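Worksheet for the structure shown next.
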Amino acid sequence: MAFVIISEFMDLDAVNSLKEDFDVLYDPELVDDPAKLLAAMKEADALIVRNRTQVTAEVLKAAPNLKVVGRLGVGLDNIDL
């Protein structure tokens, strides 16, 4: 089953809906703990962020299984393309 990390606040109904089909780590405090986020990314298949999580090259390199980054909101200025 795919492993999804959600690093910022997300509606709990939406989180619970994702949990029906995926293994989910929902930790809105990850955004403030870069070391913990990097450690979690080792197993991530997907990452869902809002506007505060900085998806840097380092974060992407830490996630060899990462297939998708989802952004709640508009813009990609916090995601290293």
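What follows draws every value from the coordinates through simple rules; no lab data is involved. Being a predicted model, the structure only gives us computed values, none of them experimental. Every residue, glycine as well, gets a Cβ built from its backbone with ideal geometry; the counts of neighbours run over all protein chains shown.
Some notes on this structure:
- About its Cα centre, the dipole of the chain is roughly 260 debye, where the only charges are +1 on Lys and Arg Cβ and -1 on Asp and Glu Cβ.
- Neighbour-limited loop hits for trypsin sites (Lys or Arg not before Pro), the stretch 14-81 (at most 10 other Cβ within 10 Å; DSSP other than H, G, I, E, B): Lys67
- Furthest towards positive pole of dipole, Gly75, Ala2, Val15, structure part the chain, Cβ charges: Gly75
- Length gained on full extension, Lys42 to Ala2: 13.1 nm, using 0.36 nm per residue less the C-alpha separation.
- Sparsely packed GluC sites (Glu not before Pro) within the stretch 1-34, loop by DSSP, other Cβ within 10 Å at most 10: Glu20
- Helix-only CD estimate at 222 nm, as mean residue ellipticity for the chain, using -39500 (n - 2.57) per DSSP H run (n ≥ 4): -6500 deg cm²/dmol
- When Rg and the Kirkwood Rh are both derived from Cα coordinates, the Rg/Rh ratio for the chain amounts to 0.92.
- For the stretch 62-69, the Karplus equation 6.51 cos²θ - 1.76 cosθ + 1.60, evaluated at θ = phi - 60°, returns couplings of 6, 10, x, 9, 5, 10, 8, 10 Hz by residue, with Gly and Pro reported as x.
- Residues whose amide H falls under 5 Å from that of Leu25, counting only those 5 or more places apart or on a different chain, are Val4, Ile5, Ile6, with hydrogens built in the peptide plane.
- Stretching the chain fully between Asp27 and Asp11 yields a gain of 4.5 nm (0.36 nm per residue, less the alpha carbon separation).
- Under Karplus coefficients 6.51, -1.76 and 1.60, residue-wise ³J(HN,Hα) of the stretch 36-45 in Hz, glycine/proline x: 5, 4, 4, 5, 5, 5, 4, 10, 6, 9
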